[in-house]
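Below is one structure, written out as structure tokens; comments come after it.
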């Protein structure tokens, strides 16, 4: 029973480039949550998606960030024109409904 | 500001001792609480959860206590082992918020052999 998978595990981007982070939920889970974690801080909610729908994006920055969870394939968190302040660990969690299981995260470094 | 916070940022214990990690929350509408363990370079790992209609829940070597009167949550780890060394986060869900979690800053637990 594979857990939540995220890739890449580490991503380095120069300022102005685009970052795409992928999350494959656990089998049978149709709810996906994305969180961001800065060093020595707790996780901050970004967005909650169900298949093909964004349910709650109240934690997403208004610009440059977008997320999707298509009918087929992984959920994608996309950051356009990255800046140094985007450097963080990005975690996704999947859920059947309620309890959330986290992936290993993608560590994004913007140089 | 943060809705969930921790009293102690670090905790150091001897192997075999019991550990208690505390957490305060401020939103009385929170109805579901979870403790996560995060090891370096890994994602948060679910430890135990509790709903607001309970005040205590036990798992294997762990107990969570919820005091709604003072909005306080604690995690007790019995017979702490070196493998328990990690950062521990409490997280809360506000009722009706689609289970999006609000995390505290975390407590670093160090277990000395």
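For the subset of the stretch A:54-103 comprising residues that are assigned to a loop (DSSP other than H, G, I, E, B) and under 11 Å from the mean Cα position of the chain (by Cα), which member is farthest from residue B:94 (Cα to Cα)?
A:74
Identify all residues within the stretch A:49-68 that are within 14 Å of another protein chain (Cβ to nearest Cβ) and in contact with a strand residue (DSSP E or B) (Cβ under 6 Å, 6 or more places away or on another chain); write none if there are none.
A:49, A:50, A:55, A:56, A:57, A:59, A:60, A:67
Can you tell me which residues in the stretch A:19-41 are at the interface with another protein chain (Cβ under 10 Å from one of its Cβ atoms), assigned to a loop (DSSP other than H, G, I, E, B) and under 15 Å from the mean Cα position of the chain (by Cα)?
Matches in the stretch A:19-41: none.
Closer than 14 Å to residue A:42 by Cβ and assigned to a loop (DSSP other than H, G, I, E, B) - does that describe any residue in the stretch B:76-89?
The answer is no; no qualifying residue exists.
Yes or no, residue by residue, for (1) within 17 Å of residue B:96 (Cα to Cα); (2) surrounded by fewer than 12 Cβ atoms within 10 Å (Cβ to Cβ); (3) at the interface with another protein chain (Cβ under 10 Å from one of its Cβ atoms):
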residue	(1), (2), (3)
B:28	yes, yes, no
B:32	yes, no, yes
B:38	no, no, yes
B:42	no, no, yes
B:45	no, no, yes
B:48	no, no, no
B:52	yes, no, no
B:64	no, no, no
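Looking at residue A:16 and the list (1) outside any strand (DSSP E or B); (2) in contact with a strand residue (DSSP E or B) (Cβ under 8 Å, 6 or more places away or on another chain); (3) away from every other protein chain (no Cβ under 11 Å), which single condition is not satisfied?
(2) is the only condition that residue A:16 fails.
For the stretch B:60-72, how many residues meet the condition of being within 23 Å of residue A:101 (Cβ to Cβ) and either touching a helix residue (DSSP H, G or I) at 6+ places or on another chain (Cβ under 6 Å) or modelled with pLDDT of 95 or more (or both)?
Summing the residues that are within 23 Å of residue A:101 (Cβ to Cβ) and either touching a helix residue (DSSP H, G or I) at 6+ places or on another chain (Cβ under 6 Å) or modelled with pLDDT of 95 or more (or both) in the stretch B:60-72 gives 5.
Just the residues that are at pLDDT 95 or above and out of contact with any strand residue (DSSP E or B) (no Cβ under 8 Å at 6 or more places or on another chain), please, taken from the stretch B:1-52.
B:16, B:17, listed by residue number.
The values are calculated or read from the model by the stated rules, or taken from the named source; none is laboratory data. It should be emphasised that the depicted structure is a prediction, and the values quoted were computed from it without experimental measurement. Neighbour counts run over all protein chains shown; Cβ positions are idealised from the backbone, glycine included.
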